[in-house]
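**Student:** Provided herewith is a single structure, encoded as structure tokens, for subsequent inquiry.
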Amino acid sequence: MGWLRTTESHPTAAQIHSGLADDFAGLSLGTVYRNLEVLVGQGRVKAVRSATGAVRYDGNPEPHHHFICEACAGILDVPFGEPRGLRSRLERESNLRVRRVSIDFFGLCGPCEDSAGSSGE
Ligand SMILES: [Zn+2]
Ligand SMILES: [Zn+2]
């Protein structure tokens, strides 16, 4: 699934399937799903839920946060680190051990914001 690592679009399984279909003739969508499940189980691919509830797949292995557009269901990587002090505060104030941090931001992406602002004109 090297193809997934070359895209930042957080594709659905169906989009991954059509992206791979050129290179792997006869590849079935079921095979793509099964491979994705294995990769998610290994922690090599992350499953991300979009605003519409559809599962998207993320081949970026680095810890990162997401911006989820509520209009087009797009998912963008947020290139910021972890908010300072959040993890240590949580661990101090509760008996929890944090292993990773992933924050979802929700709103409108650029193109959706533009079309929302220009509607009615
Ligand atoms: Zn959008
Ligand atoms: Zn991502």
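The values are calculated or read from the model by the stated rules, or taken from the named source; none is laboratory data. Source: prediction; values computed, not measured. Cβ: placed from backbone, ideal geometry, glycine included. Neighbour counts: every protein chain shown.
**Student:** Inspect segment 30-44 for any residue being outside any helix (DSSP H, G or I) and touching a Pro at 6+ places or on another chain (Cβ under 9 Å) and give the result as yes or no.
**Tutor:** Residues of segment 30-44 that are outside any helix (DSSP H, G or I), as a first pass: 42-44.
Within this subset, residues satisfying the condition of being touching a Pro at 6+ places or on another chain (Cβ under 9 Å) are 43-44.
Yes, some residue in segment 30-44 is outside any helix (DSSP H, G or I) and touching a Pro at 6+ places or on another chain (Cβ under 9 Å).
**Student:** Something else about it: Do you know which residues across segment 93-109 are exposed (fewer than 10 other Cβ atoms within 10 Å of the Cβ) and either assigned to a helix (DSSP H, G or I) or modelled with pLDDT under 90 (or both)?
**Tutor:** GLU93, ASN95, ARG99, ARG100, listed by residue number.
**Student:** Here is a follow-up. Being at pLDDT 90 or above, within 26 Å of GLU37 (Cβ to Cβ) and either of a type in the set (Gly, Ala, Ser) or away from ligand 1 (no atom under 16 Å from the Cβ) (or both) is the filter here, so list the residues in segment 53-91 that pass it.
**Tutor:** Once the filter is applied, which keeps residues that are at pLDDT 90 or above, within 26 Å of GLU37 (Cβ to Cβ) and either of a type in the set (Gly, Ala, Ser) or away from ligand 1 (no atom under 16 Å from the Cβ) (or both), segment 53-91 yields VAL55, TYR57, ASP58, HIS65.
**Student:** Taking the criterion of being under 30 Å from GLU113 (Cα atoms), without any contact (Cβ under 8 Å) to a residue 24 or more places away in the chain and in a strand (DSSP E or B), would at least one residue in segment 47-68 satisfy it?
**Tutor:** yes
**Student:** Moving on. Which pairs turn up if I take residues in segment 99-111 that are of a type in the set (S, T, N, Q) and look for partners that are loosely packed, with under 12 Cβ neighbours inside 10 Å with beta carbon separation below 8 Å, at least 6 apart in sequence or on another chain?
**Tutor:** SER102/PRO63
Conditions tested, residue by residue: (1) closer than 19 Å to PRO11 by Cβ; (2) within 16 Å of ligand 2 (Cβ to nearest atom); (3) touching an Asp or Glu at 6+ places or on another chain (Cβ under 6 Å).
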position	(1), (2), (3)
PHE24	yes, no, no
SER28	yes, no, no
VAL38	yes, no, no
GLN42	yes, no, no
ALA47	yes, yes, no
ALA71	yes, no, no
PHE80	no, yes, no
PHE105	no, yes, no
GLY110	no, no, no
